[in-house]
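J.: Pasting a structure below so you can have a look.
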Amino acid sequence: MAAPAAGLLGTGRVLGLACAAQFMVVLDVSVVNVALPSIQTALGFDAVGLQWVVGAYAVVFAGFLLLGGRLADVYGRRRVFLWGLGLFSVSSLVGGLAVTPGVLVAMRAVQGLGAAMLAPATLTIVTTTFAEEPGRTRAVATWTAVSSAGGAAGNLIGGVLTESLSWRWILLINVPVGAVTALAALQLLPAGRPRTGPRKLDLPGAVLVTLGVTALVLGVTQGQTHGWTAPVTVAALAAAVLALAAFTAVEARGSASALVPPHLVRMRPVRVGNAVMLLAGACFIPMWYFLSLYMQNVLHYGALATGIGFLPHTVVGILCARLAPAVMQCMGARTLIASSALLSAAGFAWQSRIGASSGYVDGLLGPAIVMSVGMGLLITPITTTVTSGVGEQDAGAASGLMNTTRQLGGVLGLAALVAVAAAQPGTAASYQAVFVAIAVVCAGVAVLACALPAPRRADTENGTGR
């Protein structure tokens, strides 16, 4: 039975469904952080291999987001939404029952593939359902707030499930949630019509970009353990360069099936906005990983206490994401991005002063408020800048590209920061060095934001700040 049109059921319900699915996707980036020590003990991971519980999801997610975005354009958003949701839920079930490190990491990778189909579909549903301003900016702000909530709430939910049940439930919980979300999607999302004409997909491009990202992360990881001149490190980095160069050449041909249509990257807001998002991802995604380990390994918090410790990040981030459209009307997207990045940099610089004897208020709460204000205000103007002005036929590709750059930044940032922390493993000094590095990258985001187009008066008034 075809679903009723969004207009009959209310766009608010469609927005709620898209946000619920996006919450699941982002939640699974961070939900494992609090459970990492339990997972390490239960399955016997070593310190370097443990990062792949996070990294396998993020690498595949980043590598296939471009293909996932194009799938939504070609086969229809509801169909791809349901495909991704099914793959995500089944891999969560198998991963939650895993008894070896290899099975868990493999299922986290499959989860990433399902998420790569699901995430672009959710943003595309939002940007096509709310095509006019200012409703579009408010809808994107809601989607952004939910994304922020998913990243932050993952730590609390992971702590509650790990301490009250088992680390396995951080994955198994996705199964009933996924089933309910699928039923809602069948009722709320119109079936739509797939794109007419040949349904050719850029599979070579998807394979090349995934190989390139994976090899790059592997090279950075091997560099920290075997040295930067070791044959395995050099080989991985060389493979990354070759694969990404080949991907660039494939996309430059300008075929109709390109994952990244050349006309998209020629648009200055898309090109510069994605570069800003890449650096932002390198700051914010690894933050959850290192703060979680710091609270448990240095401050000796339990899993539940660690999750509760992230509540200020969650609450402040959501509130500021909801305020972002109003602030954009006052100062424009470019100014808001730069000022928010500088505020985040100040929060991370404050966070770098932590020590083994730090209290919660001075060591975590104060920095959390400052950095979360910056993070909450930052993502909405970047997302609006990247997606505004993109035609509906390329909405999936633009959404996939933006999600890719954010996740790629997170993967590379995590790998690089693990190398920074490895210089003094397990000590407060290692976490101090990590947060100093993140503060520097946040300052770089502010500088790069100056290359975005200046806002026009009309755009500032309707909330796009473009």
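J.: Are any residues in the stretch 296-318 within 24 Å of S388 (Cβ to Cβ) and surrounded by fewer than 24 Cβ atoms within 10 Å (Cβ to Cβ), and if so, which ones? Spell out the reasoning first.
T.: Quick first cut of the stretch 296-318, residues within 24 Å of S388 (Cβ to Cβ) only: 317-318.
Across the stretch 296-318, the qualifying residue is only I318.
J.: Give the residues of the stretch 339-360 that are within 10 Å of L378 (Cα to Cα) and buried (at least 23 other Cβ atoms within 10 Å of the Cβ), sorted by residue number.
T.: Selection gives S340, A341, S344.
J.: Can you report the number of residues in the stretch 260-289 which are within 20 Å of P120 (Cα to Cα) and not in a helix (DSSP H, G or I)? Before the answer, list the steps.
T.: Step one: list which residues in the stretch 260-289 are within 20 Å of P120 (Cα to Cα), which gives 260-265, 267, 269-282, 284-285.
Checking the rest, the ones that are also not in a helix (DSSP H, G or I) come to 260-261, 267.
Within the stretch 260-289, residues that are within 20 Å of P120 (Cα to Cα) and not in a helix (DSSP H, G or I) number 3.
J.: How many of the residues making up the stretch 88-124 are surrounded by fewer than 24 Cβ atoms within 10 Å (Cβ to Cβ) and more than 20 Å from the chain's Cα centre (by Cα)?
T.: Total satisfying the criteria: 11.
J.: May I pose another question? I'm trying to understand the selection: among the residues of the stretch 310-343, which are touching a Leu at 6+ places or on another chain (Cβ under 7 Å) and closer than 18 Å to V436 by Cα?
T.: Listed by number, the residues that qualify are S340, A341.
J.: When only residues in the stretch 86-104 that are modelled with pLDDT of 90 or more and of a type in the set (A, V, I, L, M) count, which is nearest to V26 (Cα to Cα)?
T.: The first filter runs over the stretch 86-104 and keeps only residues modelled with pLDDT of 90 or more, leaving 86-97, 103-104.
Still in the running and of a type in the set (A, V, I, L, M): 87, 90, 93-94, 97, 103-104.
Values: L87: 16, V90: 17, L93: 18, V94: 19, L97: 21, V103: 21, L104: 18 Å.
Out of the qualifying residues, it is L87.
J.: Where the second residue is among the acidic types (D, E) and at pLDDT below 80 and the first is in the same structural domain as R138 (by TED's automatic domain parsing) and lies in the stretch 298-320, which pairs have Cβ atoms under 9 Å and are six or more apart or on separate chains?
T.: Nothing qualifies.
J.: Something else: Within the stretch 58-68, can one find any residue that is outside any helix (DSSP H, G or I), more than 22 Å from G223 (Cβ to Cβ) and of a type in the set (A, V, I, L, M)?
T.: If we filter the stretch 58-68 for residues that are outside any helix (DSSP H, G or I), which is where we start, we get none.
Scanning the stretch 58-68 turns up no residue that is outside any helix (DSSP H, G or I), more than 22 Å from G223 (Cβ to Cβ) and of a type in the set (A, V, I, L, M).
J.: Any residue in the stretch 418-441 that's closer than 16 Å to P367 by Cβ: show its pairings with residues that are at pLDDT below 85 and of a type in the set (V, I, T) at Cβ separation under 6 Å, as long as the two are six or more apart or on different chains.
T.: Here the result reads A428/V298; A433/V420; V434/V420; A437/V420, each pair linking the stretch 418-441 to a residue that is at pLDDT below 85 and of a type in the set (V, I, T).
J.: Here is a further query. Would it be correct to say that T404 is modelled with pLDDT under 85 and either farther than 30 Å from V126 by Cβ or not small (G, A, S) (or both)?
T.: yes
J.: Got a number for residues in the stretch 54-79 being without any contact (Cβ under 8 Å) to a residue 60 or more places away in the chain and surrounded by fewer than 24 Cβ atoms within 10 Å (Cβ to Cβ)? Step through it out loud before you land on a result.
T.: Step one: list which residues in the stretch 54-79 are without any contact (Cβ under 8 Å) to a residue 60 or more places away in the chain, which gives 56-57.
Going one step further and asking which of them are surrounded by fewer than 24 Cβ atoms within 10 Å (Cβ to Cβ), we end up with 56.
Final tally of qualifying residues: 1.
J.: Within the group T221, T225, which residue is over 24 Å from G69 (Cβ atoms), modelled with pLDDT under 80 and under 21 Å from the mean Cα position of the chain (by Cα)?
T.: Details: T225 fails: under 21 Å from the mean Cα position of the chain (by Cα).
Sole residue among the options that is over 24 Å from G69 (Cβ atoms), modelled with pLDDT under 80 and under 21 Å from the mean Cα position of the chain (by Cα): T221.
J.: Ok, one more. Quick one: count up the residues across the stretch 272-301 that are among the aliphatic types (A, V, I, L, M) and under 24 Å from L65 (Cβ atoms).
T.: Result for the stretch 272-301: 10.
J.: Further question: For the stretch 105-129, enumerate the residues that are modelled with pLDDT under 85 and not aliphatic (A, V, I, L, M).
T.: Within the stretch 105-129, P120, T122, T124, T127, T128, T129 meet the criteria.
J.: Shifting gears a bit: Residues to consider are L343, L378; find the one that is more than 22 Å from I308 (Cβ to Cβ) and without any contact (Cβ under 8 Å) to a residue 40 or more places away in the chain. If you could, list the steps in order and put the result at the bottom.
T.: Details: L378 fails: without any contact (Cβ under 8 Å) to a residue 40 or more places away in the chain.
The unique qualifying residue is L343.
J.: Among the residues in the stretch 55-73, are any at pLDDT 80 or above and either small (G, A, S) or not assigned by TED's automatic domain parsing to the domain that holds L188 (or both)?
T.: yes
The values are calculated or read from the model by the stated rules, or taken from the named source; none is laboratory data. Just so it is clear, the structure is predicted and the values come from calculations on it, not from any experiment. Cβ coordinates were reconstructed from backbone atoms using ideal geometry, including for glycine residues, and neighbour counts include every protein chain displayed.
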